[in-house]
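K.L.:
Provided herewith is a single structure, encoded as structure tokens, for subsequent inquiry.
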Amino acid sequence: MFLGWKHSHEPSNDSELVKHLKGIIKFRGGPITLAEYMEEVLTNPKAGFYINRDVFGAEGDFITSPEVSQMFGEMVGVWVMCLWEQMGKPTNVNLVELGPGRGTLLADLLRGASKFKNFTESLHIHMVECSPALRTIQYQKLKCFDRDESSKDMGSDAVSALAGTPVSWHSTLDEVPTGVPTIILAHEFYDALPVHQFQRASRGWCEKLVDVDENSSFHYVLSPRPTPATLYLMKRCKWANNDDLAKLDHVEVCPKAIDLTQTIAERISSDGGGALIIDYGLNGLVSDSLQAIRKHKFVNIFDNPGTADLSAYVDFPAIRHSAEEVSDEVAVHGPITQSQFLGLLGINFRVEALLENCTDEQAEPLQSGYWRLVGDGEAPFWEGPDEQTPIGMGTRYLVMAIVNKNQGVPAPFQ
Ligand SMILES: C[S@@+](CC[C@H](N)C(=O)[O-])C[C@H]1O[C@@H](n2cnc3c(N)ncnc32)[C@H](O)[C@@H]1O
């Protein structure tokens with residue numbers, strides 16, 4: 001429900017989303033959690049950041065690996081095909097992407113795999129996407145056409161002309177049909193899931209909440225007593241090393257990441273298959289990582305909400321423990337760095353093959369894209385770095401796989 005600020009008679013320049021957020025706080029008679037704030041800002045059905053526009057690329061707010069180079073989707077395709085072989089080449093597979101953005105990863109994957117007919121003919125693609133605007137872009141990117149009425153019984157919304165593959169859209173993973181071996185891709189999806197933040201205070205861990213001050217601006221307050229998310233904090237602390245915890249004055253927990261991982265693990269254990277999770281994050285507890293990015297620059301998270309991306313580091317050990325907690329049938333591998341993952345799958349050979357058959361003009365973006373995908377985030381990888389110079393994604397992004405144990409260890413985690 002989209003609440004207005006109906007009872008106020010004060011003039012205000014607030015956006016609809018800000019009015020809505022203040023309306024919730026006023027209606028509730030108190031502050032909201034940071035997770036509620038983040039969820040509204042990103043996915044409010046009327047004015048959420050992702051809902052009405054294309055936010056990617058040089059003209060947008062940020063860039064992601066599939067948008068950097070076609071090689072990213074191609075290498076993920078190599079991973080998916082290797083897993084499909086380990087699964088015994090089933091003739092019917094659900095290939096699910098969570099949060100597919102512009103659809104570029106799957107478009108490059110299907111183009112790269114189009115010669116392997118047995119593989120592409122086995123696929124039914126399922127896009128889990130909340131944004132109507134991005135669904136339209138995905139439809140175009142996958143070169144989809146609508147099924148005619150006579151073939152609607154095959155249960156898909158459309159067919160991708162890239163490999164003749166059926167494609168369906170859903171709002172959540174729970175809507176994707178079960179009972180079929182499933183491969184799930186989550187690239188920069190977990191980082192968009194809402195986090196709760198706790199701060200160490202003299203009375204113990206207190207949840208950081210969002211309130212409105214006397215100047216009508218958003219600000220943080222600390223919860224006076226334990227909140228429902230405290231249960232997740234306790235769970236996370238149980239998985240943590242005490243020395244690591246003692247060093248932190250903030251801890252972030254992401255209940256939606258824990259719940260989603262458990263859904264994924266249950267599905268993989270009953271239907272077979274695997275999941276690949278790629279995101280920026282840590283192989284340890286996450287402290288206060290929540291950040292806002294607008295037009296490629298960091299901004300305050302309360303600055304004009306809905307016009308900047310909010311994201312938080314992914315807590316990879318929490319994903320591992322969540323998966324292992326619900327099923328003995330799944331194995332969790334990694335995380336390894338994106339640079340290791342792409343290198344071990346052979347991105348060097350791919351870039352060399354592409355460079356052999358391209359013009360000088362095409363070579364430059366191929367080389368810079370390659371370095372951006374595998375380069376070190378700390379060290380600039382070409383001369384003359386300045387504010388505009390993009391930094392490498394090779395070590396800041398981590399890769400984790402969850403697979404059904406019967407299939408053995410997936411490439412390239414052996
Ligand atoms: C950071 S973008 C990543 C896009 C793409 N995977 C890429 O790497 O280019 C996050 C994507 O997840 C979608 N998304 C975010 N929260 C979602 C939710 N709760 N349910 C479904 N989709 C969501 C966004 O609309 C967007 O497509």
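The values are calculated or read from the model by the stated rules, or taken from the named source; none is laboratory data. Worth saying up front: this structure is predicted, and the values here are computed from it rather than measured. Don't worry about glycine lacking a Cβ; one is built from the backbone with ideal geometry, like all the others, and counts go over all protein chains shown. Heavy atoms of the whole protein, side chains included, go into the accessibility calculation; ligands, DNA and RNA do not. Shrake-Rupley method; radii C 1.70, N 1.55, O 1.52, S 1.80 Å.
K.L.:
Restricting attention to the range 332-378, report how many residues are in contact with a helix residue (DSSP H, G or I) (Cβ under 6 Å, 6 or more places away or on another chain) and among the small types (Gly, Ala, Ser).
P.N.:
3
K.L.:
So, one more: Please verify whether the range 355-363 includes one or more residues that are open to solvent by less than 70 Å² (accessible area, probe 1.4 Å), at pLDDT 95 or above and not in a loop (DSSP other than H, G, I, E, B).
P.N.:
no
K.L.:
List pairs: first in the range 52-69 and at pLDDT 90 or above, second near the ligand (Cβ under 10 Å from one of its atoms) and of a type in the set (Val, Ile, Thr), Cβ under 9 Å, 6+ apart or cross-chain?
P.N.:
As it stands, the answer is Thr64/Thr104; Ser65/Ile278; Pro66/Thr104; Glu67/Thr104, since those pairs meet every condition given.
K.L.:
On to the next question. Which count do you get for residues in the range 187-213 that are away from the ligand (no atom under 16 Å from the Cβ), open to solvent by 10 Å² or more (accessible area, probe 1.4 Å) and not polar (S, T, N, Q)?
P.N.:
10
K.L.:
Within the group Asp157, Asp146, which residue is at pLDDT below 95 and surrounded by 15 or more Cβ atoms within 10 Å (Cβ to Cβ)?
P.N.:
None of the others qualify; the one that does is Asp157.
K.L.:
How many of the residues making up the range 272-285 are surrounded by fewer than 17 Cβ atoms within 10 Å (Cβ to Cβ) and over 16 Å from Arg396 (Cα atoms)?
P.N.:
Summing the residues that are surrounded by fewer than 17 Cβ atoms within 10 Å (Cβ to Cβ) and over 16 Å from Arg396 (Cα atoms) in the range 272-285 gives 0.
K.L.:
To continue, here is another question. With the structure loaded, tell me whether Ile184 is open to solvent by 30 Å² or more (accessible area, probe 1.4 Å) and within 14 Å of the ligand (Cβ to nearest atom) or whether it fails that test.
P.N.:
no
K.L.:
Within 22 Å of the chain's Cα centre (by Cα), among the acidic types (Asp, Glu), over 30 Å from Val180 (Cβ atoms) and open to solvent by less than 40 Å² (accessible area, probe 1.4 Å): which single residue out of Asp288, Asp309 fits that description?
P.N.:
Testing whether each residue is within 22 Å of the chain's Cα centre (by Cα), among the acidic types (Asp, Glu), over 30 Å from Val180 (Cβ atoms) and open to solvent by less than 40 Å² (accessible area, probe 1.4 Å) leaves just Asp309.
K.L.:
Of all the residues that make up the range 13-43, how many are touching a Leu at 6+ places or on another chain (Cβ under 6 Å) and either part of a loop (DSSP other than H, G, I, E, B) or open to solvent by 70 Å² or more (accessible area, probe 1.4 Å) (or both)?
P.N.:
So the answer is 1.
K.L.:
Just to be sure before I move on: is Ala163 at pLDDT below 95 and either surrounded by 21 or more Cβ atoms within 10 Å (Cβ to Cβ) or within 16 Å of the ligand (Cβ to nearest atom) (or both) in the structure I sent?
P.N.:
Against the criterion (at pLDDT below 95 and either surrounded by 21 or more Cβ atoms within 10 Å (Cβ to Cβ) or within 16 Å of the ligand (Cβ to nearest atom) (or both)), Ala163 qualifies.
K.L.:
Hand me the list of strands (runs of 3 or more DSSP E) wholly inside the range 160-266 holding 2 or more residues that are closer than 23 Å to Pro31 by Cα.
P.N.:
196-201, 204-212, 218-222, 250-253
K.L.:
Taking strands (runs of 3 or more DSSP E) that fall entirely within the range 65-148, which contain at least 1 residues that are near the ligand (Cβ under 9 Å from one of its atoms) and in contact with a Gly (Cβ under 9 Å, 6 or more places away or on another chain)?
P.N.:
93-98, 123-128
K.L.:
Still on this model: Can you tell which of Ser216, Ser171, Ser131 is in contact (Cβ under 8 Å) with a residue 40 or more places away in the chain, surrounded by fewer than 19 Cβ atoms within 10 Å (Cβ to Cβ) and within 24 Å of the chain's Cα centre (by Cα)?
P.N.:
Matching residue, one of Ser216, Ser171, Ser131: Ser171.
K.L.:
Kindly provide the set of residues from the range 59-112 that are acidic (Asp, Glu), open to solvent by 10 Å² or more (accessible area, probe 1.4 Å) and farther than 25 Å from Pro181 by Cα, ordered by number.
P.N.:
Hits for the range 59-112 are Glu59, Glu67.
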